[in-house]
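Every read-out reported here was derived from the displayed coordinates using simple, explicitly stated rules and does not represent laboratory data. The model shown is predicted, which means the values in this text are computed figures rather than measured ones. Quick reminder, even Gly has a Cβ in these numbers, built from the backbone with ideal geometry, and neighbours come from all protein chains shown.
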Amino acid sequence: MSITKHNWTKEEIITIYNKPMMDLLFEAATIHREHHDPNVVQVSTLVSIKTGGCSEDCGYCPQAARYSTGVAGNNLMSVAQVTEQAVQAKSGGSSRVCMGAAWRNVKDGPEFDQVLEMVRTINKMDMEVCCTLGMITENQAQRLAEAGLYAYNHNLDTSEDYYKEVISTRGFEDRLQTIENVRKTSVTVCSGGIIGMGESIEDRAGMLVALSTLNPQPESVPINALVAVEGTPMQDEKPVEIWEMIRMVATTRIVMPHTQVRLSAGRMNMSREGQAMCFFAGANSIFAGDKLLTTPNPDVNEDMKMFELLGLKPQKPFKKAPQRTTIEAADSKFESLGEKPKWTRPNHTIEKNLEVSIKGK
Ligand code: SF4
């Protein structure tokens, strides 16, 4: 039985990543079968509850206000709108709803209170609820936990070194701080990254070092392939090859045996055969629904056909951790503190981001 190791080095991970493909697949599939049912895949639906107009400069993101990408921004959705989407997601086979807001960080106030109400509502529908809202304080994480939040997503995106080439408006250490804040609650951690942003294999390994040395390791790790959107600084990056995706998934599975490895953005460019190889290599979660925030994703019926073809079954909710109890706002032990934490703003120059921002004006 493989054990969870928390002191992986970059060199060890690079060695795994570069193994002959058949050896890599065999090792990853063996570890996967020790810890998971290989025929069960968790299905999540991502709902963009607040789209576009973001102040950050993440080089891959069409929702950054400074890039001209044609993304139509909207205000925060109402609880009723989100509930409607959650009902649809549940009937389509999803066990989890992940709500994403294009915010740098959460601010206490009516909008956050509205998100807390969304969490309460979805948890009461017996679905796992996840949020991805940017940086959060410990108090905000506690309030989300009380509302019944199951998971909080905060991706590291890439290695600490390469992060400086992608984003200048916030620091890598703030990502880790948010994860630490979530860890002080009962909420599980979802954190992963993106490949295909021009990073090296060393950077991919560096990101896996940062994730796998967390103790405990994240319960869920999304692996995204960049969707190069026109108007973003990364619009000309070449598509990720399926072999790179398979290697990344397999390596993630080996270094984080218990985690749920999620095939996230980029599935539109993957064949069924490619996705099947990723499932064999240890991926056991997908995002369903025809849109991932703003980029296209396979139709849910197509995914269900693929499941049927491969004999895969969607995972039932609360398989990995028990359902949280929802505490109503009136009974909350934690009040809104109106904190204004000083999250880092390095503001170094990333030529590509700057150039595209100027063009976007
Ligand atoms: S990734 Fe998130 S924080 Fe970065 S620009 Fe997009 S919405 Fe904003």
Taking the residues in region 324-359 that are touching a strand residue (DSSP E or B) at 6+ places or on another chain (Cβ under 9 Å) and farther than 24 Å from T188 by Cβ as candidates, determine which candidate is surrounded by the fewest Cβ atoms within 10 Å (Cβ to Cβ).
S357
Name the strands (runs of 3 or more DSSP E) wholly within region 173-266 that hold at least 1 residues that are in contact (Cβ under 8 Å) with a residue 24 or more places away in the chain, under 14 Å from the mean Cα position of the chain (by Cα) and more than 29 Å from R66 (Cβ to Cβ)?
188-190, 220-225, 260-263
Condition check: under 18 Å from the mean Cα position of the chain (by Cα), crowded, with 17+ Cβ neighbours inside 10 Å and closer than 25 Å to P218 by Cα. Does M118 satisfy that?
no
Looking only at region 1-34, which residues are charged (D, E, K, R), farther than 16 Å from F280 by Cβ and in a helix (DSSP H, G or I)?
K10, E11, E12
What number of residues within region 149-170 are within 15 Å of the ligand (Cβ to nearest atom), assigned to a loop (DSSP other than H, G, I, E, B) and among the hydroxyl-bearing types (S, T, Y)?
3
Single residue of V129, V82 found to be assigned to a strand (DSSP E or B), more than 16 Å from the ligand (Cβ to nearest atom), under 20 Å from the mean Cα position of the chain (by Cα) and among the hydrophobic types (A, V, I, L, M, F, W, C)
V129
Counting only residues in region 85-113 that are in contact with a helix residue (DSSP H, G or I) (Cβ under 8 Å, 6 or more places away or on another chain) and either part of a loop (DSSP other than H, G, I, E, B) or aliphatic (A, V, I, L, M) (or both), the one farthest from the ligand (Cβ to nearest atom) is identified as G93
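Okay, residues lined up against (1) surrounded by fewer than 21 Cβ atoms within 10 Å (Cβ to Cβ); (2) among the hydroxyl-bearing types (S, T, Y):
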residue: K10; (1), (2): yes, no
residue: T15; (1), (2): yes, yes
residue: M22; (1), (2): yes, no
residue: T45; (1), (2): no, yes
residue: I49; (1), (2): no, no
residue: A80; (1), (2): yes, no
residue: E111; (1), (2): yes, no
Among the listed residues G231, G196, identify the single one that is farther than 27 Å from T137 by Cβ and in contact with a Phe, Trp or Tyr (Cβ under 7 Å, 6 or more places away or on another chain).
G231
Does S68 satisfy the criteria of being touching a residue at least 40 places away in the same chain (Cβ under 8 Å), outside any helix (DSSP H, G or I) and out of contact with any strand residue (DSSP E or B) (no Cβ under 6 Å at 6 or more places or on another chain)?
yes
Which of the residues that make up region 114-126 are in contact with a helix residue (DSSP H, G or I) (Cβ under 9 Å, 6 or more places away or on another chain) and either within 15 Å of the ligand (Cβ to nearest atom) or in a helix (DSSP H, G or I) (or both)?
Q114, V115, L116, E117, M118, V119, R120, T121, I122, N123
